[in-house]
Amino acid sequence: MNDVEQLWNKMAKAYEEFTSGDNSYSNTIEWPCIQKMLPDIKGKSVIDLGCGSGRYTFLLEEAQPRKVVGVDISDEMLRLAREKAEARGSSALFIKGDLNDFVPDDQYDVVFSSTMSHYIVDLFPLFANIYDMLTYRGIGIISVMNPIYSAQYPIKNGEWNVRYLDKSERSYVQPWCEGDDDLEQLLSCSYHHTFSDYMNAIIHNGLTILEMQEPLPPESWKSEAPSRYDAFIETPSYLIIKLQKK
């Protein structure tokens, strides 16, 4: 079991609670933008890379794909996903896989992922695998941590400040661990990728960029949560990229 898997096994429950709230960034900012960018997936095959506890897998399933598969490295995340699938009567299939070297046994009309790429040290093999996973003219919707945001992740034993071109490994406490006595000293390690890192990995692997979005926070936050609104405007969390294999 590698370090990333151990980390997510420990954080699974806290992450699920943090991201499933109605007012979470995932639900208020990321998913509404993804919905606008998604193609019609009714009757299509879909794979969700880094599916976690299946939140987006189940949302994708609501659009009536023919087949939907979630892949994650964490046994605990997959356990939560399978429990929810059973409770929902879902036909989604959840399988274990390390996205650094995961090779699916089939091709898919749609490849989806949400905020998993900053745990991958080298983007080129990741997007090469995405190319191979896609059917001809298949679509990828890849939501990543905005490089402006990941640039501020602390270098090991460092402070939260922007070091945009520094490719050193980052180390920090996740927000869903804060205030939890069992998790608040638990450090996550990840990588910062620049805009050019993403563009080069996509283009050099033969994928075509159809659209890119950096979603805004809800307008209602201006009055309801002005500090939260301003913080997101200053440092956006998401970059969402729509790709196609041609």
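Name every residue in the range 36-57 that is farther than 13 Å from Ser143 by Cβ and open to solvent by 10 Å² or more (accessible area, probe 1.4 Å), in order of residue number.
Once the filter is applied, which keeps residues that are farther than 13 Å from Ser143 by Cβ and open to solvent by 10 Å² or more (accessible area, probe 1.4 Å), the range 36-57 yields Pro39, Asp40, Lys42, Gly43, Lys44.
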Query raised in the report: Across the range 130-151, which residue is most open to solvent (accessible area, probe 1.4 Å) among those that are touching a Leu at 6+ places or on another chain (Cβ under 8 Å) and assigned to a helix (DSSP H, G or I)?
Result: Tyr131
Report summary line: Looking across the range 64-112 at residues that are under 24 Å from Asp132 (Cα atoms) and over 19 Å from the mean Cα position of the chain (by Cα), the single one that is surrounded by the most Cβ atoms within 10 Å (Cβ to Cβ) is Pro65
Query raised in the report: Quick check: is even one residue across the range 235-245 at pLDDT 95 or above, open to solvent by 10 Å² or more (accessible area, probe 1.4 Å), at positive phi and not aromatic (Phe, Trp, Tyr)?
Result: no
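Any residue at all in the range 214-228 that's aromatic (Phe, Trp, Tyr) and more than 17 Å from Ile148 (Cβ to Cβ)?
So far as the range 214-228 goes, yes, one or more of its residues are aromatic (Phe, Trp, Tyr) and more than 17 Å from Ile148 (Cβ to Cβ).
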Report task. Go over the candidates Tyr119, Tyr56, Tyr108 one by one and state the one that is modelled with pLDDT under 95 and touching a Ser or Thr at 6+ places or on another chain (Cβ under 6 Å). Result -> Tyr119
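If you go through the range 115-126 one residue at a time, do you hit one that is surrounded by fewer than 17 Cβ atoms within 10 Å (Cβ to Cβ), within 23 Å of Glu16 (Cβ to Cβ) and in contact (Cβ under 8 Å) with a residue 40 or more places away in the chain?
no
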Query raised in the report: Among the helices (runs of 4 or more DSSP H) confined wholly to the range 22-127, which include 2 or more residues that are in contact with a Leu (Cβ under 6 Å, 6 or more places away or on another chain), closer than 21 Å to Gln6 by Cβ and not β-branched (Val, Ile, Thr)?
Result: none
Report summary line: The residue from Ile155, Ile139, Ile148 that alone is β-branched (Val, Ile, Thr), out of contact with any helix residue (DSSP H, G or I) (no Cβ under 6 Å at 6 or more places or on another chain) and farther than 25 Å from Ser113 by Cβ is Ile155
Report summary line: For Glu17, the lone unmet condition from (1) out of contact with any strand residue (DSSP E or B) (no Cβ under 6 Å at 6 or more places or on another chain); (2) under 28 Å from Leu243 (Cα atoms) is (2)
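Taking the residues in the range 1-35 that are more than 15 Å from Ser114 (Cβ to Cβ) and without any contact (Cβ under 8 Å) to a residue 24 or more places away in the chain as candidates, determine which candidate is least open to solvent (accessible area, probe 1.4 Å).
Restricting to residues being more than 15 Å from Ser114 (Cβ to Cβ) and without any contact (Cβ under 8 Å) to a residue 24 or more places away in the chain, the top hit is Gly21.
The values are calculated or read from the model by the stated rules, or taken from the named source; none is laboratory data. Owing to the predicted nature of the structure, the values given are computational and were not obtained by experimental measurement. FYI the Cβ positions are ideal-geometry reconstructions off the backbone, even for glycines, and counts take in every protein chain you see. The area values use the complete protein model at the heavy-atom level, side chains included, leaving out ligands, DNA and RNA. Shrake-Rupley method; radii C 1.70, N 1.55, O 1.52, S 1.80 Å.
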